[in-house]
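Notes to accompany the following structure.
The values are calculated or read from the model by the stated rules, or taken from the named source; none is laboratory data. The shown structure was predicted, so the numbers you read here are calculated from the model rather than taken from an experiment. No Cβ is skipped: glycine too gets one built from the backbone with ideal geometry, and neighbour counts run over all protein chains shown. Only protein heavy atoms, including side chains, enter the accessible area calculation; ligands, DNA and RNA are left aside. Shrake-Rupley method; radii C 1.70, N 1.55, O 1.52, S 1.80 Å.
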2 protein chains.
Amino acid sequence: MSISASASGSDVVEIIPLGGASEIGKNMIVIRHADDIVVIDAGVTFPSADHPGIDLIVPDMTYLSDNADNVRAVVLTHGHEDHIGAVPFLLRRVQAPIYGTPLTLGLVRERLQEHHLLEVADLRIVQPGERITFGHITVEPIRVTHSIPDTISLAITTPAGLIVHTGDFKIDHTPVDGRSFDAARFAQLGDDGVVLLITDSVNAEKPGWVPSERIVGRFLDQQFDHADGRILVTTFASNIHRIQQFFEVAADHGRKVAIAGRSMQRNVRIARELDYLRYDDSLSISVDDLENWPDDRVAILTTGSQGEPFAALSQMATDRHKIRIKEGDTVILSSTPIPGNEIGIWRTVNRLINRGARVVYDLITPVHASGHANQEELKLMYSLTRPLYVVPFHGEPRMMQAYTDMVMGMGAPRDSVIWLQNGDRLGLDGVGAEKLEPLEITGSVFVDGTSADGISDLVLRDRRHLAEGGTVVVTLTRDFDSGEILSGPEFVARGFLSSEDTEDLFLEAASRVRDALDDLSATDDVDAEDAGTVVRDTVARLLRKRTRLRPVVLPIVTEI
Amino acid sequence: MSISASASGSDVVEIIPLGGASEIGKNMIVIRHADDIVVIDAGVTFPSADHPGIDLIVPDMTYLSDNADNVRAVVLTHGHEDHIGAVPFLLRRVQAPIYGTPLTLGLVRERLQEHHLLEVADLRIVQPGERITFGHITVEPIRVTHSIPDTISLAITTPAGLIVHTGDFKIDHTPVDGRSFDAARFAQLGDDGVVLLITDSVNAEKPGWVPSERIVGRFLDQQFDHADGRILVTTFASNIHRIQQFFEVAADHGRKVAIAGRSMQRNVRIARELDYLRYDDSLSISVDDLENWPDDRVAILTTGSQGEPFAALSQMATDRHKIRIKEGDTVILSSTPIPGNEIGIWRTVNRLINRGARVVYDLITPVHASGHANQEELKLMYSLTRPLYVVPFHGEPRMMQAYTDMVMGMGAPRDSVIWLQNGDRLGLDGVGAEKLEPLEITGSVFVDGTSADGISDLVLRDRRHLAEGGTVVVTLTRDFDSGEILSGPEFVARGFLSSEDTEDLFLEAASRVRDALDDLSATDDVDAEDAGTVVRDTVARLLRKRTRLRPVVLPIVTEI
């Protein structure tokens, strides 16, 4: 690697991931040349169990706020939440046109409406083959296949050379919409000479090829052949091709279709308005209409493929939905668990089975196909583009390890594979690639409720601590002058132990506290804060000794 | 099914699962005839993320406490925690001899010592082929293969006929210790006529056969061939055969072995004392000795295969262990994720990779073999025993569904497959099988700290609630007579929002509280409790409105 000391040299181009580096989710990459910044994708991650109460995780966009005037454009590769979900948060910081294909922008429009940001947004449709230029940076979308229609990769021409950013892709030669992966264009770019390939690596651990999405239609068809009761199918609400095939299979089997779940209804509406989804009006009925049709004449498309507690399918599994699961129902999970969701998904599956449904899921019957390239597809992308350097992106370190082993097996030198963290700055100068001084960012912002600035790690730590041992509040009132205890200490506990187990415990703790405070007052005078510290330490120590538990002890000393 | 109304008839035998029915883990089955009760296994489950702060989940043993005098024996099938972990909790309720094979009892002895119960325990070794009789119930252990040595199935002769309880098993014809699965004995029992088969169903979703444990040795050998730095291997501390093979492979490659992690050191010691594990003393070195040997001459056996935060490997992955992970290390996870542990495991793997280690795990290279029978093995067990009725046990409903499909494919009538929940009572009278009035039990007891009686669901709900939104404590002191506010309201929050975000919010809340209480006092007199309710409702409503968050609001009204 050889970049002149003047990393700020006029031809130096910086690649700065703000999300999606060494992780799956919340994709966001900054491409910077001089004063021109292009942002690629603005995604969110959905929190797992170790982020209690968090609604969303968005990239730390401080860098973009600090350079707001230089952001020329935001280019979106496709309409998945982990690529567009942070657009509203980005628009609150940066005013820049947003480019994307029609379906992608259709989904973004919806998001912006929810955030009352649609009027301030400048959405611009771009199609594969077109070229959009910002200063010395030119971006060309390339048609690829993925688990949502209208997905693109990006060829980015810069003063430091040609960069290919694959975004999410699989190589599907028989896509449901007939719009195939544009292998030829990647080969041409390889001929022109690609300096850097930024590539999907989510499935880098998986050998072989991902089957075509079209094959899922056949599997669904088989399931419909064998079911004589109602059929419920759940999948990602954004998987329009899956949904298209579901409608076709339902029509072939003379079943009417009802849709349960808001996000599913919304996406079906948008995709249909934009002509990405086609079915005859006569096919669809409302959930309320279901009772007017025999069970073997209906099929239900529902949300909840990830066991989300408030999704329609999870509500049905706990009898909290107007659709009641019954003997004879067939429920098909046409999806795969997102890591971390396993517990919730299997809990839902088990509840459905306990209610008499027959549940079909990918583990026992293939009813899903991944949207991400497996090893043979990743190898093909690499050999088509023949890059000087490659960044395995949108994968955890274990996938980066697998990707690195894979391309080294193809002859790539170890130091041509560059691992980036969020906030890293990769400098390209046309000759070499070099890591520059990284940004100082947290990488993740935890959004909870309306606090768009996010929840601090400290608050999250407290929540985990509260979850572990609950909380014990100790209140007492002291005389301001004498320090004498006027009332208390009294104890209020939540999530600690059952009250019958705490009675004696708190009596003992109370006397300990009184003794401790007496000893204290005996010495020179102490304010409420000192007293509070003594109370907390005294109580926490006793509780730990007696119960081995570590509740959050909150001392509240009032002085009057 | 035909059981005479007199379900208490002298020949009726009851099968009552207290754990392990419709779930994986905490196995415990009661076999009862008249006044004779035999308990099979006493296991625990380890909690997942949705049981914050819980150490263990044990079966609800109320039934055994209520019938303590009738319990003739506890028979253990093998030494895994989900089959023996609850023995100490059982012994606190019931005095009965505990039967098991030598290794199983060796591990139980250790548990009992930790609980200071060893002196009250009556441990009796039993071997395959022996028969132990309790009233009209006779139990015969049968040698099977599993991921821990010395595992047995049980043939249980009762007045209602012959019951076969497989416990956990796989069919390994080339086990590491040469003690093979006793297929012939199961066939003989089938000839005698088996009324009920209670069978492992954990892997009922998985086609084919589980590979022999021996094959893992070969994979380990290959990994050792290619590593030129230190090698760290983690596996379940109870997988003595895996550990035996590890020692052999290490010896073959001229590497000394150090053991990190208390449970691993303990199990290796026990297994070696009992001659289930054999290696030369010269092979082992201490963790402190490691630095005195070249990296390519050492191998480390460590705990942490499930990403447990306090296990040795997880500590190494966060630089909190004296063994520091470095470039060139090879870490082999010879294990598979227990559902729910994925997040923690992958986090550990990623951290190890980020520290320069090469990490090998089952997803990319086969370095593990399951201990539970796959479909072809389950089918063989079924066709060897040819039972009248079968209970798919130790599996979730989804595995029960898969097992049922499987045996129905073999010609079993649907109603010969019986699904049980914990607390169900299955009656056998030699003619038929019938579900009797179930017990009223909770199924699970959540053990936290020293409270052996367990944590109530209410406490758990509170903990989840606290984790979601944190807590806001509101304190104020009122005059007992006038109800006038003497001090406060004051707000203390934990896990809610960062303090800078709450300042104005709590000011507003305070004035709302004062207004609300004034309105109240204006009406007739109210006690501290009424006031507290008003405070909670007022604050909770405002916080939800302003932040969309739902913290646990704890009002504490002191009157003086």
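Determine whether B:E490 is within 13 Å of chain A (Cβ to nearest Cβ), open to solvent by 70 Å² or more (accessible area, probe 1.4 Å), free of Cβ contacts under 8 Å to residues at least 60 places away in the same chain and more than 30 Å from A:V459 (Cα to Cα).
no
Restricting attention to segment B:93-117, which residues are touching a residue at least 24 places away in the same chain (Cβ under 8 Å), more than 20 Å from the chain's Cα centre (by Cα) and not in a loop (DSSP other than H, G, I, E, B)?
Matches in segment B:93-117: B:I98, B:Y99, B:P102.
Of the conditions (1) at pLDDT 95 or above; (2) of a type in the set (S, T, N, Q); (3) open to solvent by 20 Å² or more (accessible area, probe 1.4 Å), A:Q113 clears all except one; give me its number.
(1)
Return the residues of segment A:155-197 that are among the hydrophobic types (A, V, I, L, M, F, W, C) and over 24 Å from A:A369 (Cβ atoms); say none if nothing qualifies.
Once the filter is applied, which keeps residues that are among the hydrophobic types (A, V, I, L, M, F, W, C) and over 24 Å from A:A369 (Cβ atoms), segment A:155-197 yields A:A155, A:I156, A:A160, A:L162, A:I163, A:V164, A:A187, A:L189, A:V194, A:V195, A:L196, A:L197.
With the requirement that a residue be open to solvent by 10 Å² or more (accessible area, probe 1.4 Å) and either aliphatic (A, V, I, L, M) or in a helix (DSSP H, G or I) (or both), what does segment B:372-397 give you?
Hits for segment B:372-397 are B:Q375, B:E376, B:K379, B:L380, B:Y382, B:S383, B:L384, B:L388.
Does segment A:341-351 include one or more residues that are assigned to a helix (DSSP H, G or I), surrounded by fewer than 19 Cβ atoms within 10 Å (Cβ to Cβ) and in the same structural domain as A:A204 (by TED's automatic domain parsing)?
Checking segment A:341-351: not a single residue is assigned to a helix (DSSP H, G or I), surrounded by fewer than 19 Cβ atoms within 10 Å (Cβ to Cβ) and in the same structural domain as A:A204 (by TED's automatic domain parsing).
How about segment B:34-92: which of its residues are more than 20 Å from the chain's Cα centre (by Cα) and either assigned to a helix (DSSP H, G or I) or within 14 Å of chain A (Cβ to nearest Cβ) (or both)?
Across segment B:34-92, the qualifying residues are B:Y63, B:L64, B:S65, B:D66, B:A68, B:D69, B:N70.
How many residues does segment A:195-248 hold that are in a helix (DSSP H, G or I), among the aliphatic types (A, V, I, L, M) and open to solvent by 10 Å² or more (accessible area, probe 1.4 Å)?
Looking only at that region, the number is 1.
Taking interchain pairs and intrachain pairs at least six residues apart, which have beta carbon atoms under 6 angstrom, with the first residue in segment A:257-268 and among the β-branched types (V, I, T) and the second open to solvent by 10 Å² or more (accessible area, probe 1.4 Å) and part of a helix (DSSP H, G or I)?
A:V257/A:L283; A:I259/A:Q265
Residue by residue, here is whether (1) under 26 Å from the mean Cα position of the chain (by Cα); (2) at the interface with chain B (Cβ under 9 Å from one of its Cβ atoms) holds:
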{"position": "A:W346", "(1), (2)": "yes, yes"}
{"position": "A:V360", "(1), (2)": "yes, no"}
{"position": "A:L363", "(1), (2)": "yes, yes"}
{"position": "A:M381", "(1), (2)": "yes, no"}
{"position": "A:L384", "(1), (2)": "no, no"}
{"position": "A:Y389", "(1), (2)": "no, no"}
{"position": "A:S416", "(1), (2)": "no, no"}
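Just to be sure I understand, how many residues within segment A:536-560 are among the charged types (D, E, K, R) and part of a helix (DSSP H, G or I)?
Qualifying residue count, segment A:536-560: 6.
Only one of (1) in a helix (DSSP H, G or I); (2) within 25 Å of B:Y403 (Cβ to Cβ) is not met by B:I29, so which one is it?
Result: B:I29 fails condition (1) only.
What residue, among those in segment B:457-466 that are open to solvent by 10 Å² or more (accessible area, probe 1.4 Å) and modelled with pLDDT of 85 or more, is nearest to the other protein chains (Cβ to nearest Cβ)?
B:D462
Among the residues of segment B:295-319, write down those that are of a type outside the set (A, V, I, L, M) and either under 20 Å from B:L220 (Cα atoms) or touching a residue at least 60 places away in the same chain (Cβ under 8 Å) (or both).
B:D295, B:D296, B:R297, B:T302, B:T303, B:G304, B:S305, B:Q306 - these are the residues of segment B:295-319 that are of a type outside the set (A, V, I, L, M) and either under 20 Å from B:L220 (Cα atoms) or touching a residue at least 60 places away in the same chain (Cβ under 8 Å) (or both).
Of the conditions (1) crowded, with 19+ Cβ neighbours inside 10 Å; (2) under 17 Å from B:N27 (Cβ atoms); (3) at pLDDT below 95, B:M400 clears all except one; give me its number.
(3)
Okay, residues lined up against (1) open to solvent by less than 20 Å² (accessible area, probe 1.4 Å); (2) more than 9 Å from every other protein chain (Cβ to nearest Cβ); (3) over 41 Å from the mean Cα position of the chain (by Cα):
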| position | (1), (2), (3) |
| --- | --- |
| B:V473 | yes, no, no |
| B:G483 | yes, yes, yes |
| B:G495 | yes, no, no |
| B:S499 | no, yes, no |
| B:V526 | no, yes, yes |
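Would you say A:I40 is surrounded by fewer than 18 Cβ atoms within 10 Å (Cβ to Cβ) and not polar (S, T, N, Q)?
no
Suppose the filter is touching an Asp or Glu at 6+ places or on another chain (Cβ under 8 Å), under 24 Å from A:F393 (Cα atoms), open to solvent by less than 10 Å² (accessible area, probe 1.4 Å) and not β-branched (V, I, T); does A:L76 pass it? Show your work before the answer.
Details: touching an Asp or Glu at 6+ places or on another chain (Cβ under 8 Å): yes; under 24 Å from A:F393 (Cα atoms): yes; open to solvent by less than 10 Å² (accessible area, probe 1.4 Å): yes; not β-branched (V, I, T): yes.
So A:L76 passes the test.
Taking only segment A:126-160 into account, find how many residues are open to solvent by 10 Å² or more (accessible area, probe 1.4 Å), part of a loop (DSSP other than H, G, I, E, B) and of a type in the set (S, T, Y).
Selection size over segment A:126-160: 1.
Mind listing whichever residues of segment A:403-437 are open to solvent by less than 60 Å² (accessible area, probe 1.4 Å), over 30 Å from A:P207 (Cα atoms) and in a loop (DSSP other than H, G, I, E, B)?
Of everything in segment A:403-437, those that are open to solvent by less than 60 Å² (accessible area, probe 1.4 Å), over 30 Å from A:P207 (Cα atoms) and in a loop (DSSP other than H, G, I, E, B) turn out to be A:G423, A:D429, A:G430, A:G432.
Residues to consider are A:P551, A:P555; find the one that is under 27 Å from B:D479 (Cβ atoms), in contact (Cβ under 8 Å) with a residue 40 or more places away in the chain and within 12 Å of chain B (Cβ to nearest Cβ).
Only one candidate passes the filter, namely A:P555.
Which residue is farthest from A:G470 (Cα to Cα), if the candidates are limited to segment B:543-556 and must be modelled with pLDDT under 85 and surrounded by 19 or more Cβ atoms within 10 Å (Cβ to Cβ)?
Result: B:T547.
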